[in-house]
DNA sequence: CCAGGGGTCCTTTTT
DNA sequence: GGACCCCTGG
């Protein structure tokens, strides 16, 4: 297609020549090196539209892979906006849900049940705890989280338990590292995998590893996959790890229509195995690659971009580039030094309300970004005190909250009889007289007989346990059996359309379950968490609400052919003839398998529509943009983080990129701040400004203090505006 | 044998 | 704010 014709194509309007070239390079490997704010997401979306409208590719043949659910949602939304129904079958998926999908279709080939459970957070810890207990290395201070990180390291590099042990032994033999801890971790790794399999479960790393294994070893899986997708695109490619590189290669297959987009300066996930080398050496991995660079920034003011450029210039190993922009110079970058984090939070809250009321800008245009989740607390407190609406993105994952994890464990223990980790989590919560010793006895016996824990539990009588304990176990089993029956009835009801109002049957059952087994009372009775009871109860009820949404979505999919969860991989004509797919009534087991991957992003749509300030980590902010950004805690020990300062140069380089990512989120306005004192452990300690601040040219910065934040006139204006706006708002809502 | 209270330590980033 | 351990009383 020549340049003239492309000008005529409506889907190419609004793209500059560089972007158009990228969009149109339709065959063979394509590497798009896209700077921050260069419109790379837009480019990917337009490429999808171009393939469908311009080249007549069936949308179902196009696969876009992202890292986060949020990115996938946004991409889907944009594809729909630009291409309408034409492109509704373009599949947008995260690496992990794609892996889950492939795995689900071939689960039996790797010895998994069709409805395998996906473990995260506390479940993984539970499995690992059991693994270490079984090989008796739980006695000394064995930091399970650290071991889990170590195991995950191995898994993201595709190293097997045996490989891990060899690696550890080899490094000990060469005297480089004779670390007992490593040996223990390698031993635990193997057993951990066995525990997972015995429970019919996988962890997040398996969602990448096992599909790769399948694709590698199984001709049929490969053939089906290649028949299904002809064009593969990967967003944020700089954050891929070894397994994801492998997966990308396998997905691309012989067609090699693979287009990856990324920015080496925004690689911030090395800690979980991401390798910038993947993007730096893409041309070597995929022979005959076309390379396109997007170096114009459309997002930020010149001052903001200059600050970002000066920060990132301090890193050595990178594609040399300097983003340019034609945007206006913009406002100076505000810079605050606060006494402590409370003062910092306070001023931010004041600035926010000032800018909101005085400049009449909606709350949603603002974001407060920080290095670690723990930094959100003082800010939340200050915003709450001033009545500023906010939402916290990420943080403790929804499923890691105790009450949610407990609720999930009940659901899983009922849905998956093999799920021993779930069972052991809830067997004595709420307390019902089955303590550590009794559980230990059953577990020992189970091991002796080489039988499952759940099965052995049924044989536990007054001889094995005390009389009272045996009775407690019997009562517990009775409750569980009763719940299974109730679930079966609910699933039977779920074969008919849900009621127009009220909860659909499975959700209804879950809600009752939480009440009947005493979870709700246990939350209310916990004196340690007084004050958070309502929030916890509502989190638990949200879980039932999520099941309700799943049930309704399932029913809305009937006959429409839209099936985001289980689009057949093998049916060759699936994209063309979606009705050919078999529709199934909702089940708890399926709800659970969707839930684990969905994160809770989907559920926050309502909150997102609300007008609220966004609080999140720099990591979560990648890929997003805001008019007005506050970047807090620019101190040694925070950014760069203390752990990275202890670490190597690579760790520090990543911290610098993190700051770069943060700065480049801002469109019009940026406020940097730090604290001179910060609480560490018990008391407040003096801290130093971040080393990276020196790299920002002084003339770009506008130092401010709390006193000078507002002139007296501005204060008066603010007060006046505040009441005026308040009045207007009240009238609007009336 | 179990439940619950009280003390202690730590706390990067995430699918 | 947690997760975890230890102690005491039932």
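For the range A:412-500, the relative contact order is 27 percent, taking Cα pairs closer than 8 Å that sit 6 or more residues apart in sequence and dividing their mean separation by the residue count.
Residues A:298, A:82, A:660, arranged from fewest to most other Cβ atoms within 10 angstrom of their Cβ, appear as A:298, A:82, A:660. Gyration tensor over the Cα atoms of the range A:299-355: the corresponding equivalent ellipsoid has semi-axes (square roots of 5 times the eigenvalues, largest first) of 29, 17, 8 Å. Label sites at residue A:321 and residue A:58, each approximated as a point 7 angstrom past Cα along Cα to Cβ, lie 3.5 nm apart.
For the range A:394-436, what class follows from the C-alpha gyration tensor (a ≥ b ≥ c being the square roots of its eigenvalues): rounded when a/c is under 1.5, otherwise prolate if a/b is larger than b/c, else oblate? Verdict is oblate for the range A:394-436. Normalising by the residue count of chain A, find the relative contact order in percent from Cα pairs under 8 Å and 6+ residues apart. Answer for chain A is 19 percent. Once the Cα atoms are used to define both axes, helix A:69-83 deviates from the longest principal axis of chain A by about 60 degrees.
Listed from fewest to most Cβ neighbours within 10 Å, the set A:320, A:218 follows the order A:320, A:218. Distance between the modelled labels on residue A:223 and residue A:679, one decimal in nanometres: 6.3 nm (7 Å Cα→Cβ projection). Regarding chain A, what is the average projected area of its C-alpha convex hull, in nm²? Quarter of the Cα hull surface area: 35.3 nm². Once you reduce the range A:433-481 and the range A:624-652 to the center of their Cα atoms, the two points are 50 Å from each other. Applying 1/(1 + (r/R0)^6) with R0 = 30 Å to the Cβ-Cβ distance of residue A:157 and residue A:73 gives a FRET efficiency near 0.55. As a ratio to 2.2 N^0.38 Å, the alpha-carbon radius of gyration for the range A:430-489 is 1.16. The modelled label-to-label distance for the pair residue A:458/residue A:495, using points 7 Å beyond Cα in the direction of Cβ, is 2.4 nm. Each part gets one Cα centre, and for the range A:334-388 versus the range A:48-117 those centres are 37 Å apart.
Rounded to the nearest 500, what is chain A's calculated 222 nm mean residue ellipticity when only DSSP H runs of at least 4 contribute -39500 (n - 2.57) each, over all residues? Provide the component values of the computation, followed by the final result.
Details: 31 runs with 362 residues, N = 734.
About -15000 deg cm²/dmol.
Over the C-alpha trace of the range A:457-515, radius of gyration and Dmax come out as 16.2, 52 angstrom. Fewest-first ordering of A:501, A:546, A:664 by other beta carbons within 10 Å of each residue's beta carbon gives A:501, A:546, A:664. For chain A, the longest principal axis of the C-alpha atoms and the axis of helix A:712-733 are separated by about 50°.
Can you give me the Kirkwood hydrodynamic radius for the range A:181-282, using every pair of distinct Cα atoms, in Å to one decimal?
Details: mean 1/r = 0.0651 Å⁻¹.
Kirkwood radius, the range A:181-282: 15.4 Å.
None of the figures in this text is laboratory data; all of them are computed from the coordinates on show. The structure presented is a predicted model; accordingly, all values stated were derived computationally and were not measured. Note that we place each Cβ from the backbone using ideal geometry, even for glycine, and neighbour counts take in every protein chain shown.
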